1. Do the sum for chain B: with -39,500 (n - 2.57) for every DSSP H run of n ≥ 4, divided by all residues, what is the mean residue ellipticity at 222 nm, to the nearest 500 deg cm²/dmol?
2. When only alpha-carbon atoms are used, what values of Rg and Dmax, in angstrom, describe segment B:267-353?
3. Which angle from 0 to 90°, rounded to the nearest 10, does the C-alpha axis of helix B:143-156 make with the longest principal axis of chain B?
4. Compare the Cα positions of A:T259, A:I87, A:S306 along the charge dipole of chain A (+1 at Cβ of Lys, Arg; -1 at Cβ of Asp, Glu; about the Cα centre) and return the one farthest towards the positive end.
5. Taking the mean number of other Cβ atoms within 10 Å as a proxy for protection, how do you rank B:334-341, B:216-223 from highest to lowest?
6. Which GluC sites (Glu not before Pro) in segment B:242-350 sit in a loop by DSSP (not H, G, I, E or B) and have at most 11 other Cβ atoms within 10 Å of their own Cβ?
7. How large is the translational diffusion coefficient of segment B:257-315 in µm² per second when you combine the Kirkwood radius over alpha carbon pairs with Stokes-Einstein at 4 °C and 1.567 mPa s?
8. Using 7 Å Cα-to-Cβ label points, what is the B:A498/B:F17 separation (nm, one decimal)?
Amino acid sequence: MKTALLPDGLIRTLAGQALAFVVALSLGAVIILMIDESPIAVFMTLMRGAFGDAEKIAGTLLQTTPILICGIAACIGLRGGMFNVGIEGQLFLGGFAAAWVGFAFALPPFVHIIVAVACAILAGAAWVAIPAYFRVRYGTNEVVSTILANYIAVLLTSYFTIFLFKRPGGWSETPPILPTAYLPELFSFSRLNIGLLIGLFLAIATAAFFRWASAGYAATMVGSAPKFAEYGGINVRKVGFSVLLASGAVGGLAGGIETLGVHHRFMEGFAPGFGFDGLIAALLANGSPIGTIFTALFFGALRAGSLLLEVDTTASREIITVIQALIILAVSADLMMRRRGDRTGERRWKF
Amino acid sequence: MTFAVELKGITKRFGAFTANSGIDLAVRQGEIHAIIGENGAGKTTLMNVLFGLLQPDEGTISVNGKPMAIDSPAVAINEGLGMVHQHFKLVPSLTVADNIFLGMEIRRRGLIDRAAQVERTRALSQKFGLKVDAQERVAGLSVGIEQRIEILKVLARNARTIILDEPTAVLTPQESRDLFQTLRSFVDDGMTVIFISHHLEEVMAVSDTITVLRDGRVVATRPKQELTKRELVRLMVGRDVSFDRRPRHIVQGESVLEIEDLWARDDRRLAALKSATFSVRAGEIVGIAGVAGNGQTELAEVLSGLREASHGSAKLHGKELVGCTPAEIRDLGLAHVPGDRLARGVDRNAALSTNILMGRQKKAPFAKNGIINWTVVQDEMRALIKRFDIRARGPRDVARSLSGGNIQKVVLAREFTAGGDMLLIDQPSRGVDIGAQEAIHDEIMRQRAEGRAILLISTQLDELKALADRIIVMFEGRIMGVVDGNTMDEDAIGLMMAGVDPSDVKEDE
């Protein structure tokens, strides 16, 4: 049942996805063999790189955090029937806004974080507001407009960084933020910070919102049966706009947490692909925020593990991208097949 | 003699459920053989077995006297069988000819020979009198034409026996008549037609032989001449069902809905509702008669706030509805059973309890401070399942797993318990079994007895005859006349529905 915190038929879902993972990994093994590496060595290195010791695990979780929060942003959109592909852009603007508050203003410790994070959220929401308005007012396809908004966001933040804040001769980055705006770290040996906890809390809160809140019900109905929702007295445009705005706000939050917690400044290209990975994590979890925790962790582990891969083997980091793509293909094929079985009543595996 | 199709002892089970049980069916060459039965009687399952989409657990199939195993649709097509499904399977972005030859494209040097396909399509269209424009794109064509394309698809594959699954469910009466003519001409050509339906009039009008299914069994196979409509109903439902006018007490309640000079446009921005003026009193059922597409949908949508009125006024308890949102109109006390039940009335993929919550997701006792109490919702759904006799296992059932009649009961249950005293009911029994239809009519009469004002829109005159106190006839968006339900003259209504001026028709009020 789609309103459940954990979906029904969970075991069947997990079994299907596990099978998909096995198929994808086997295909990945073939590709690794083609570049004359041992698949087992590569996988072991990956595992060691992701989970080898406490520091490595923290590294994995550090990578997981932005993917998770971006994934939640995507989930919010998907549940409300909106495909927000612009999370990457919202992430960049949110990151930039938080960094700007972080270095430009001197505020008391706790307040500084709150203001910076709030600005990140506002920046993300404001950035999606334009495509959202065009979507509900004129029916513009939000997929196209949010994708295009990504380019503007990335280049705009680059422009701000290079032309307004860059130190002469230095890297393309803003001045560092003041320590009062640093997010508290969880361990002494890693930059892993409370952003992860915020992400986990947000995932549970989002799932609960869609399950139990009246407004969550309205958003779910607009997403799954818009004509029914309209007939039932739900303001479809208003809900659609709010859903995109909330999605963008969470996207902005992801950026803020990344700059305040990890880099302590805004750098050009500071978070490559987190927005898109989050979107894919959400899609693989079928729009479930709780499921996104696990898919985000998986992507985080791949990213973290691939760092060691380049050091210890001749395989390049790009091989991980290939494996990631194979997994996405396999898992979405599994999803498609299950939906097919549902629709016809009789399960038909042949195509 | 040889039969075009002969099924013997067909049994098909789905788990513990037996959809077809020992079915014998013999279809003679050159006849229109109707298979009639309520939803869930096993008609579609039987045809899917015949067409190779499902494999029977027991029984044999012979085609033209030859016993054979039909283990895929390809085999069935090879044997000259063709099936037109209830839901069309066309590619909207392709042209008519491309759709017809999809999967069996005419090729020349490895490339699709579009000109030849168009040529063949034209020839087929001409030969069978099915008018289509071969080069038009399917997107935007009416369902009637889409069905013609489906039939042409089957003919292009050289079918001699054509199976049609509920072909008229989506057609206007005019389109249905055209279809029957086409089927007749097929039979005159020596072809065989198997026609699945639960619509009595149609079956009586078009078929030569009728097989009645009930609960997965054949209850009768007889020539049409030996059957009356009433007998057919008894065979289908298993008991007598009354189509008679419902007995009633005359109530003169206060006026609840006042409509004056109301105008509205359709999606193409053309005037679809023209100067409608009438009122509905408490405890009264006002029927709206008319051929589908004569402004009834627009009227319902304007009243429920789903469409803007271009002019005029509609007052509920003296409060203006025009300009209000659907939510505000609901709060004023209007409950709406929509005509397009599957798109508007339910979320097919959601649980029944999720469906019943619509419109009350913020209201006590279902929610408090914006938090939904699902336990209360589930309990309410269980109570409604009992009260409205909805055939479902429980509140967690997904709406799409129910039959059309039961989905309609879910919609009625939600709307009739929403607390509104004005009920706007659009096509309550479209696509609904006769048995369920009777139950729905009972419920509407109960609502009338409780003093609700009811506006009943229906394209089925029988239904209005049974239920309505007054019948308003619409034609091209205008009210042609008002007829008293007790003394109605069907011919007069028929003339008005066809647009004949009612000056020579006895006017009431």
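Just so you know, all these numbers are worked out from the coordinates, no wet-lab data involved. Here the structure is a predicted model, which is why all the values come from computation and not from measurement. Ideal geometry is used to build each Cβ from the backbone, glycine not excepted, and the neighbour counts take in all protein chains shown.
1. Numbers: 16 runs with 157 residues, N = 509.
Only helices count here, giving -9000 deg cm²/dmol.
2. When restricted to Cα atoms, segment B:267-353 yields Rg and Dmax of 14.0, 41 Å.
3. 10
4. A:I87
5. Averaged packing, sorted descending, gives the order B:334-341, B:216-223.
6. Qualifying residues, ordered by number: B:E254, B:E308.
7. Working: Rh = 11.7 Å.
Approximately 111 µm²/s, per Stokes-Einstein.
8. My value for the distance between the label points is 4.4 nm.
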